[in-house]
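Below is one structure, written out as C-alpha cells; comments come after it.
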Amino acid sequence: MKIPPVKGTRDFYPPDMARRNWIIDGWKRVSLRNGFEEYDGPIFEYLKMFQIKSGDEIVEQLFSLQDRGGRELALRPEITPTLARMVNQQINSLPKPIKWFSVPRLFRAERPQRGRLREFFQWNIDIIGVDESTADAEVIFCALDYLREIGLTPDDIVVKISSREMLAALLQSIGIGESELEGLYLVLDKRNRLPADAFEEMLAERVADEDKRKKILELMSVESIGQIGDCLELTDAAKESVDELGRLFELLGVMGVADFCRFDIGIVRGLAYYTGIVYEIYDKASELRAIGGGGRYDDLLKQFGGPAIPATGFGIGDCVLAILLEEKGLLQKQLPVRKLDYFVACVDKVHREGAIKLTMKLRSAGWTAGFSYKAAKLGKQLKKADNQSAKKCIIIGRELVEKNELVIKDMATGEQELVDYDKFLTKCTESK
Ligand code: HAM
C-alpha cells in the first residue's frame, strides 16, 4: 500500500530542500545584518495560548491535541504568542529594545490552495520595547531589504499599509461601538478576497444600520490618506494616527524603500492583537495571496500577563514567496549549483585505496570530494565525475608510485597538469 503525504503538507526532496534552504538562509542573513537575534520555541503550546488573542480565524484552523496527561495542546499556527510568552518570562533581564527573529515551522488547518498549505515556514521579525514609528519602519525595511536582495522590484511587489488605530477612530466616529470593532475587523479584512455583494452581505450581518454601512463602504473606498478627511470629519484621535502614518511613510522614504509602499485603508489584518500600524505585502498583479503581513501589537504582552510594552513585527511565509520567485524566473537562477570540488579517480585497481585515502584527506581539509564506489575503468570514473559536476578530477596512476605525482584535470577546459602529491595536499589544506 502506498501512503501519500498528508493533505496540505510537502515532501522536501533534495532539489526542494535546496530551494527551501536558499530562501531561509536569505531570511537569516538579512535578519542578522539588520541587527536581529534568532530565537525559537516549542512546536506545540497550550491550546489556550492561541485562543487568548490570535482571533477566531486562527482558532478555527488549529491542529489541537490532548496529551496523555489530559492537557489541551495545539501545534503552533504562528509564533507571536510564543514570543510574547518567552519575552514576558525574562522581561526584567532582557536588554531593550528586543530585536528578535525566528523561522518557525507552522501549522494551520486551512483549505489548501495556491500559496496556502497546512504546514509552512514563516520568517518573523519583531521589535519589542519601542513605541516610535521608526521601529515599524525598520521592520518593513528589513522585509524589503530581503525581497529587494532576491531580485524583486516595486514592479513586482507592494507593501500596503494602514493603521488599525486610525480605522478604530474613524469607525467610532461613524458610531461603531468599541466592542463591535474586533468582529468588524474580521469582515473588513476579507473585503479584498470577496466579491462585492458577498462582502456587503457579511457587513450587513455585523452592522444592522444602513447609514453606517454606507459610511463604512465609502470610507473603505478612499485611495489616499488625504481623501479620508473628505469622507469623514477627523476626530483628534483619528488625526493623531493619520499623522503617525504620515511619519511612517516619511521614514520609509528616508530608508530608501518608499517606492515599494502604498497606503491602503483595506488592510486590517485577520489577527486580533494588532493595535496600530498594519501592513501586508502583495504581488503587484494581486494574483496571489499575501506574501507577508504584520503590524504593531502594543497590548499583547500585557494580555499574556506581562507589563504594558509596545511591540511590532511581521511574518512572511515561504509558499507564496516561492511561487512568485518561480513566476519571475528568480528562483532557479539564484540557487547554488551543487558541485564537487574534486573527484578522485584511479587508473588501476591497485590505486583505489590511494584514491579513497586522498578523497578523505580532501574532505577533512574542507573540500567536497568524491570517488567511485566501484572499481571501474577510468573513462567511467570520469563520466561519474562529470555527472556529479566535479570542477576538477584527480587521476591517480603510475605517476604516484614512480614520482609521487598526480594528474589534475580541469573538467571545464579539459586541461591536465602533473602536480606533486605532497605539495598539492599542503596547498589544499592551507587554502581552505
Ligand atoms: P499572518 O498574516 O497570519 O501573520 O501570516 C503571515 C504570512 O504567513 C502570510 O502572509 C503568509 O505568507 C504566511 N502564511 C499564513 N498562513 C499560511 C498558510 N496556511 N500557508 C502558507 N503560508 C501561510 C502572522 O502569522 C503574524 N504572527 C505575523 C506577525 C509577526 N505579526 C507580528 N509579528
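Some points to look at:
- From Glu110, Glu138, residue being touching a residue at least 60 places away in the same chain (Cβ under 8 Å), open to solvent by 20 Å² or more (accessible area, probe 1.4 Å), more than 9 Å from the ligand (Cβ to nearest atom) and not in a strand (DSSP E or B): Glu138
- Members of the range 114-131 that are more than 9 Å from the ligand (Cβ to nearest atom) and out of contact with any Ser or Thr (no Cβ under 7 Å at 6 or more places or on another chain): Arg114, Ile128, Gly129, Val130, Asp131
- Here is the figure for the range 210-230: residues that are more than 22 Å from Cys261 (Cβ to Cβ) and surrounded by 13 or more Cβ atoms within 10 Å (Cβ to Cβ) total 6.
- Lone qualifier among Val257, Val268 - being of a type in the set (Val, Ile, Thr) and away from the ligand (no atom under 12 Å from the Cβ): Val257
- Residue in the range 228-240 that is under 21 Å from Asp136 (Cβ atoms) and not aliphatic (A, V, I, L, M) present: yes
- Long-range neighbours under 9 Å by Cβ, at least six apart or interchain, first residue part of a helix (DSSP H, G or I) within the range 332-350, second of a type in the set (A, V, I, L, M): Gln332/Leu325; Gln334/Ile150; Gln334/Leu325; Lys349/Ala375; Val350/Val401
- Here is the figure for the range 395-415: residues that are loosely packed, with under 12 Cβ neighbours inside 10 Å and either within 47 Å of the chain's Cα centre (by Cα) or touching a residue at least 40 places away in the same chain (Cβ under 8 Å) (or both) total 4.
- Single residue of Glu402, Glu326 found to be assigned by TED's automatic domain parsing to the domain that holds Tyr146 and in a helix (DSSP H, G or I): Glu326
- Subset of the range 197-209 [open to solvent by 70 Å² or more (accessible area, probe 1.4 Å) and either assigned to a helix (DSSP H, G or I) or modelled with pLDDT under 90 (or both)]: Asp197, Glu200, Glu201, Glu205, Arg206
- Complete set of residues in the range 368-383 that are in contact with a strand residue (DSSP E or B) (Cβ under 8 Å, 6 or more places away or on another chain), open to solvent by less than 50 Å² (accessible area, probe 1.4 Å) and assigned to a loop (DSSP other than H, G, I, E, B): Ser372
- Among the helices (runs of 4 or more DSSP H) confined to the range 1-107, the ones with at least 3 residues that are loosely packed, with under 12 Cβ neighbours inside 10 Å are located at 14-33.
Let's see how each residue does on (1) within 14 Å of the ligand (Cβ to nearest atom); (2) in the same structural domain as Gly329 (by TED's automatic domain parsing); (3) within 25 Å of Leu75 (Cβ to Cβ); (4) of a type outside the set (Gly, Ala, Ser):
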| site | (1), (2), (3), (4) |
| --- | --- |
| Lys2 | no, no, no, yes |
| Arg19 | no, yes, yes, yes |
| Trp22 | no, yes, no, yes |
| Lys28 | no, yes, yes, yes |
| Arg33 | no, yes, no, yes |
| Phe50 | yes, no, yes, yes |
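- Residue within the range 150-162 that is β-branched (Val, Ile, Thr), surrounded by fewer than 16 Cβ atoms within 10 Å (Cβ to Cβ) and not in a strand (DSSP E or B) present: yes
- Restricted to the range 231-244, and to residues there that are more than 33 Å from the chain's Cα centre (by Cα) and not aliphatic (A, V, I, L, M), the residue that is most open to solvent (accessible area, probe 1.4 Å) is Glu233.
So that you can scan it fast, the table gives a plain yes or no per residue for (1) closer than 28 Å to Gly317 by Cβ; (2) away from the ligand (no atom under 16 Å from the Cβ):
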residue	(1), (2)
Asn192	yes, no
Val207	no, yes
Met220	yes, yes
Ala272	yes, no
Lys284	yes, no
Ile291	yes, no
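- Considering Lys392, Lys361, Lys339, the condition of being surrounded by 16 or more Cβ atoms within 10 Å (Cβ to Cβ), under 43 Å from the mean Cα position of the chain (by Cα) and within 29 Å of Pro15 (Cα to Cα) is satisfied by Lys392 alone.
- Residue in the range 255-262 that is part of a strand (DSSP E or B), at pLDDT 95 or above and in contact with a helix residue (DSSP H, G or I) (Cβ under 6 Å, 6 or more places away or on another chain) present: yes
- If only residues of the range 297-330 that are within 24 Å of Lys48 (Cβ to Cβ) and crowded, with 22+ Cβ neighbours inside 10 Å are counted, the one that is nearest to the ligand (Cβ to nearest atom) is Gly313.
The values are calculated or read from the model by the stated rules, or taken from the named source; none is laboratory data. These numbers were taken from a predicted model, which means no experiment stands behind them. All Cβ positions, even for glycine, are placed from backbone atoms using ideal geometry, and neighbour counts span all protein chains on display. These accessible areas exclude ligands, DNA and RNA; they are computed on the full protein's heavy atoms, side chains included. Shrake-Rupley method; radii C 1.70, N 1.55, O 1.52, S 1.80 Å.
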